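Encoded as structure tokens, the structure appears first; notes follow it.
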Amino acid sequence: MTASSFDQLATSILDGKPATEDDALAVLRAHDDELMDVVAAASRLRREHFGNTVKVNYLVNLKSGLCPENCNYCSQALGSTADILKYKWLSTEEALEQAAAGLKGGATRVCMVSSGRGPTHKDVERVADMVGTIKAEHPEVEVCACLGLLKEGQAERLREAGVDAYNHNINTAESHHDQIVQTHTYADRVDTVGKAQSAGLSACSGLIAGLGESDEQLVEALFALRDLGSESIPVNFLMPFDGTPFENTWHLTPAKCVRILAMARFVCPDREIRIAGGREMHLRSLQGLALQVANSLFLGDYLTSEGQAAEADLELIRDHGFVVLGSPEDVSDVARRDPAKRRRGAGTALAPNA
Ligand code: SF4
């Protein structure tokens, strides 16, 4: 495609003609020197649907590690020897304290996550209690639960307790799924997304890029998410933890990550496209460019890895002329810093910082 073809694609999508699989592949396979053309075209769709806002989400890991499932990408999985934090359920007070920190930092959605195949009924009641407590103190907050595969009636109970959304990622294309996990099926995952939707929960389902999938499989996953009706689409980039089957797996470049996010925007122009785990590691200095096509991110740390400081995330948003969704923030209200005065290198006894 040429610069004008990406722009024409955006125009045609804005006119109501959805992107085709060939369009999506062309975006993924654009050359690095076409990156700005891809971003400029995709950002027209982003701004049409989300203006200059960025949705800020905050993760609370309610139970970490010790999972019986074998998702090969996951540091919490059965067989993983990754050196991560492992703990059983947080108390309601601890969950509230963690959620409050994210809300204070600017988040409007709290994502309450637990490791495991799926919750017991007791677990659902525990989370229902946490959600009730959080919503009593912060009635404006949106709560998303992510507890694994759901059994009959559990989504309804969560909805009744005040949960707004349920996250369950399809993670990869159906045609690639069995290469990355064997303890549950792609159909199991789709079933849980359907249960959440039937109970009136907003579906949050996304993917992980960098699992050895082909470009065609990335496109397959995005079209599946579109057809599933996922309203928020977290796009994770594999963080290859030592001690997992994917250790030392590096398939992504920062420009490729931006193209993946842009492809998601072309395929699902009006859905929340969230830059999720692996943002700092894989996008590196292109995080700001990525916000031109994506409209959502996680603030601060991830489930088992550290993210950049929450203040750096907010600065990233402000520096690129965006505002946090739901905040009255004025972009002109920029943080000011004194210049750091040089005290090293030439003219000093200290080594330069080069
Ligand atoms: S992704 Fe979830 S289900 Fe899979 S191993 Fe990790 S915690 Fe367990």
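Annotations
- Sole exception among (1) surrounded by 22 or more Cβ atoms within 10 Å (Cβ to Cβ); (2) touching a residue at least 60 places away in the same chain (Cβ under 8 Å); (3) of a type in the set (A, V, I, L, M) for V235, by number: (2)
- Qualifying positions in segment 157-175 - crowded, with 20+ Cβ neighbours inside 10 Å and in a helix (DSSP H, G or I): L158
- On the stretch given as segment 318-329, residues that are of a type in the set (A, V, I, L, M) and in a loop (DSSP other than H, G, I, E, B) total 1.
- Sub-6 Å Cβ pairs linking a first residue in segment 103-120 that is part of a loop (DSSP other than H, G, I, E, B) to a second residue that is within 15 Å of the ligand (Cβ to nearest atom) and of a type in the set (D, E, K, R), at least 6 apart or interchain, are S115/K63; R117/E69, ordered by first then second residue.
- Qualifying residues in segment 88-117 (those that are within 13 Å of the ligand (Cβ to nearest atom) and among the small types (G, A, S)) - the one farthest from S327 (Cα to Cα): G116
- Failed criterion for S296 (all others in (1) surrounded by 23 or more Cβ atoms within 10 Å (Cβ to Cβ); (2) out of contact with any Asp or Glu (no Cβ under 7 Å at 6 or more places or on another chain) hold): (2)
- Test: residue in segment 62-70 that is out of contact with any Gly (no Cβ under 6 Å at 6 or more places or on another chain), of a type in the set (K, R) and away from the ligand (no atom under 16 Å from the Cβ): no
- Among the residues of segment 328-347, those that are at pLDDT 75 or above and either touching a Phe, Trp or Tyr at 6+ places or on another chain (Cβ under 9 Å) or exposed (fewer than 10 other Cβ atoms within 10 Å of the Cβ) (or both) comprise D338, P339, A340, K341, R343, A346, G347.
Okay, residues lined up against (1) part of a helix (DSSP H, G or I); (2) more than 30 Å from L78 (Cα to Cα):
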residue	(1), (2)
G243	no, no
T249	no, no
A255	yes, yes
M263	yes, yes
A294	no, yes
D301	no, no
G307	no, no
L316	yes, yes
L350	no, yes
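- In this structure, L85 does not satisfy being within 16 Å of the ligand (Cβ to nearest atom), free of Cβ contacts under 8 Å to residues at least 60 places away in the same chain and surrounded by fewer than 15 Cβ atoms within 10 Å (Cβ to Cβ).
- Test: I208 is touching a Cys at 6+ places or on another chain (Cβ under 7 Å) and either under 17 Å from C71 (Cβ atoms) or within 15 Å of the ligand (Cβ to nearest atom) (or both): no
- Taking segment 15-39 as the range and being over 22 Å from the mean Cα position of the chain (by Cα), touching a residue at least 40 places away in the same chain (Cβ under 8 Å) and assigned to a helix (DSSP H, G or I) as the test, the residues that pass are E21, D23, D32.
The values are calculated or read from the model by the stated rules, or taken from the named source; none is laboratory data. From a predicted model like this one, the values you see are computed outputs, not experimental measurements. Methodologically, a virtual Cβ is constructed for each residue, glycine included, from the backbone with ideal geometry; neighbour enumeration extends over all protein chains shown.
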